[in-house]
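Quick one: the structure is below, and I'll ask about it shortly.
The values are calculated or read from the model by the stated rules, or taken from the named source; none is laboratory data. Note that the structure is predicted; figures quoted are calculated from it, not measured. Cβ atoms come from the backbone with ideal geometry, glycine included; neighbour counts cover every protein chain shown. SASA here: full protein model, heavy atoms, side chains in, ligands and nucleic acids out. Shrake-Rupley method; radii C 1.70, N 1.55, O 1.52, S 1.80 Å.
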Amino acid sequence: MGTVQRMQQISSLAQADRQVAAATAPRRFKYLNVPLLATVAVLVIYGLLVVYSAVAANENYNFSRQVGGVAIGIALMLLLFRFDYHQLSHYLVLFLIINIVLIMSPHIPLIGQSANGATSWVGIGKVRFQPGEFAKITVILQAASVVSRYHGKLTDPRDFLKALALMLVPFVCIMTQPDLGTGMVYLFIAGVALLVSGARPRYIAIVAGVLAGGIVALFLIDPIADAIAGHDVLLKNYQRARLLVFLDNSYDTSGDGYNLRQAKIAVGSGGILGKGWMNATQSTLGYLPEAPTDFIFCVLGEQFGFVGALALLALYGLLIAIIYQIAYNANDLFGTVLVMCAAGMWLFQILENIGMDIGLMPITGIPLPFMSYGSSFMVVNFVMLGFIGSVWAHSGR
């Protein structure tokens, strides 16, 4: 019996040691979703390779800024993993104020700056950034905070209109710049928030129809208003040109029409396996405009071909699938909407950016997540990853 008792004691101690190890070792990684981080790591490395090749011969871009944006973004992401996102669900008014201040700040004299026909930039000393890009974070937080108040029962038309009105404020502000590309992202975020929160599909369909009709009316009225006023009133010339190029590739042969043709040439010239890294002649020879930012997918397609583009789409698909699973396991509506809005934002940007590069979508200034050049853009992406990781860490698995 003594031997048996001794063996039982040893077995009990071994089991206790295993329980202690299981309880303590994972604490180092309890805030880390390994599949999510691994997918993002591959995406970011892939993006850095492509961006480096796109900016190597262009003195207007600084690759070290891109690396710096990644480093800052990773640090913020890791901090947010440990942050309890539940604390943010009650700050609707604060998010609304932050959005208005951020998005309207380019109109402030002395610091506001214009580029490509839009007053979207703020410059303080040597620091220059787009506040509307950073506002994507608070737009998502605001949308999640708005709809979570209705506890998944956004079926009353009056409640729906109240929520919609609050979420349209950032869009109205961004259109004063005007920045239609970012405004479209804001609208898509609002649409995802409403859909996930239980809003009736017919309400969303009606709003989408009204917006589509408004856009058509805008393009019909704009030339008349311009002729009467003698200057651009509603739309800038470049905005109207981009839609016309989308409808007719032969339009504007020296502007957006030329850009679209060069983008298609770049993607098509890559073939199946591409020309190889650093061999993207369309961008290095200056034929492809805004190659590191708006047309980064073209650089990737030219260098790595169809296989490289397919690999990117597979990574994006995996990322969205992992994020959806995190949203599904969230323990409250605020967390679910927060994660789904981030996924929706990235999905819309992916479809729009790649679509415009191959002529399936109108040309806009929407960047490609984790791929396009831009330190601010990279920081925003990682901050949203931080919030997603926070939802995962506090989901009560």
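Of all the residues that make up the stretch 317-335, how many are within 17 Å of the chain's Cα centre (by Cα) and either free of Cβ contacts under 8 Å to residues at least 24 places away in the same chain or surrounded by 23 or more Cβ atoms within 10 Å (Cβ to Cβ) (or both)?
The total comes to 5.
Moving on. Restricting the search to the stretch 51-95, which residues are assigned to a helix (DSSP H, G or I), open to solvent by 50 Å² or more (accessible area, probe 1.4 Å) and not aliphatic (A, V, I, L, M)?
Answer for the stretch 51-95, where residues must be assigned to a helix (DSSP H, G or I), open to solvent by 50 Å² or more (accessible area, probe 1.4 Å) and not aliphatic (A, V, I, L, M): Tyr52, Phe63, Ser64, Arg65, His86, Gln87.
If the Cβ limit is 8 Å and pairs must be 6+ apart or interchain, which residue in the stretch 174-195 that is part of a helix (DSSP H, G or I) pairs with which residue that is among the acidic types (Asp, Glu)?
These pairs meet every condition: Gly181/Glu352; Thr182/Glu133; Met184/Glu352.
Consider only pairs whose beta carbons are under 9 Å apart and that are at least six residues apart or on different chains; among these, list those whose first residue lies in the stretch 203-221 and is in a helix (DSSP H, G or I) and whose second residue is surrounded by fewer than 13 Cβ atoms within 10 Å (Cβ to Cβ) and at pLDDT 90 or above.
Pairs that qualify, where the first residue is in a helix (DSSP H, G or I) and the partner is surrounded by fewer than 13 Cβ atoms within 10 Å (Cβ to Cβ) and at pLDDT 90 or above, are Tyr203/Leu161.
Sticking with this one: Please tell me if Ile272 is closer than 30 Å to Trp392 by Cα, modelled with pLDDT of 80 or more and either in contact with a helix residue (DSSP H, G or I) (Cβ under 7 Å, 6 or more places away or on another chain) or in a helix (DSSP H, G or I) (or both).
It is false that Ile272 is closer than 30 Å to Trp392 by Cα, modelled with pLDDT of 80 or more and either in contact with a helix residue (DSSP H, G or I) (Cβ under 7 Å, 6 or more places away or on another chain) or in a helix (DSSP H, G or I) (or both).
Quick check: is even one residue across the stretch 16-35 modelled with pLDDT of 65 or more, surrounded by 10 or more Cβ atoms within 10 Å (Cβ to Cβ) and in a helix (DSSP H, G or I)? I'd like the intermediate steps shown before the answer.
Of the residues in the stretch 16-35, the ones modelled with pLDDT of 65 or more are 31-35.
Cutting the leftovers down to surrounded by 10 or more Cβ atoms within 10 Å (Cβ to Cβ) gives us 31-33, 35.
Remaining after also requiring in a helix (DSSP H, G or I): 35.
Yes, the stretch 16-35 has at least one match.
Only one residue in Ile215, Ile204, Ile228 is modelled with pLDDT under 80, among the β-branched types (Val, Ile, Thr) and under 30 Å from Asp156 (Cα atoms). Which one?
Ile215
Among residues belonging to the stretch 281-305 that are in contact with a Leu (Cβ under 8 Å, 6 or more places away or on another chain) and among the hydrophobic types (A, V, I, L, M, F, W, C), point out the one that is farthest from Met371 (Cα to Cα).
Restricting to residues being in contact with a Leu (Cβ under 8 Å, 6 or more places away or on another chain) and among the hydrophobic types (A, V, I, L, M, F, W, C), the top hit is Phe304.
Just checking, does the stretch 205-224 include any residue being out of contact with any strand residue (DSSP E or B) (no Cβ under 8 Å at 6 or more places or on another chain), over 30 Å from Trp121 (Cβ atoms) and either among the polar types (S, T, N, Q) or open to solvent by less than 20 Å² (accessible area, probe 1.4 Å) (or both)?
no
Another question, then. Is one or more of the residues making up the stretch 283-297 among the β-branched types (Val, Ile, Thr) and either crowded, with 20+ Cβ neighbours inside 10 Å or closer than 30 Å to Cys341 by Cβ (or both)?
Yes; the residues of the stretch 283-297 include at least one that is among the β-branched types (Val, Ile, Thr) and either crowded, with 20+ Cβ neighbours inside 10 Å or closer than 30 Å to Cys341 by Cβ (or both).
Checking the condition over 22 Å from Met384 (Cβ atoms) and out of contact with any strand residue (DSSP E or B) (no Cβ under 6 Å at 6 or more places or on another chain), which residue from Leu161, Leu96, Leu166, Leu141 passes? Don't jump to the end; show me each part of the working.
Working: Leu96 fails: over 22 Å from Met384 (Cβ atoms); Leu166 fails: over 22 Å from Met384 (Cβ atoms); Leu141 fails: over 22 Å from Met384 (Cβ atoms).
Being over 22 Å from Met384 (Cβ atoms) and out of contact with any strand residue (DSSP E or B) (no Cβ under 6 Å at 6 or more places or on another chain) holds for just one of Leu161, Leu96, Leu166, Leu141, which is Leu161.
Name the pairs whose Cβ atoms lie under 8 Å apart, with the first residue in the stretch 119-137 and farther than 11 Å from Asp179 by Cα, the second assigned to a strand (DSSP E or B) and β-branched (Val, Ile, Thr), and 6 or more positions between them or separate chains?
Arg128/Val122; Phe129/Val122; Pro131/Val122
I'm trying to understand the selection: among the residues of the stretch 100-154, which are β-branched (Val, Ile, Thr) and either assigned to a helix (DSSP H, G or I) or crowded, with 24+ Cβ neighbours inside 10 Å (or both)?
Correct list: Ile100, Val101, Ile103, Ile137, Thr138, Val139, Ile140, Val146, Val147.
In the list Leu338, Leu312, which residue meets the criterion of being in a helix (DSSP H, G or I), touching a residue at least 24 places away in the same chain (Cβ under 8 Å) and farther than 21 Å from Val196 by Cα?
Of Leu338, Leu312, the one residue that is in a helix (DSSP H, G or I), touching a residue at least 24 places away in the same chain (Cβ under 8 Å) and farther than 21 Å from Val196 by Cα is Leu312.
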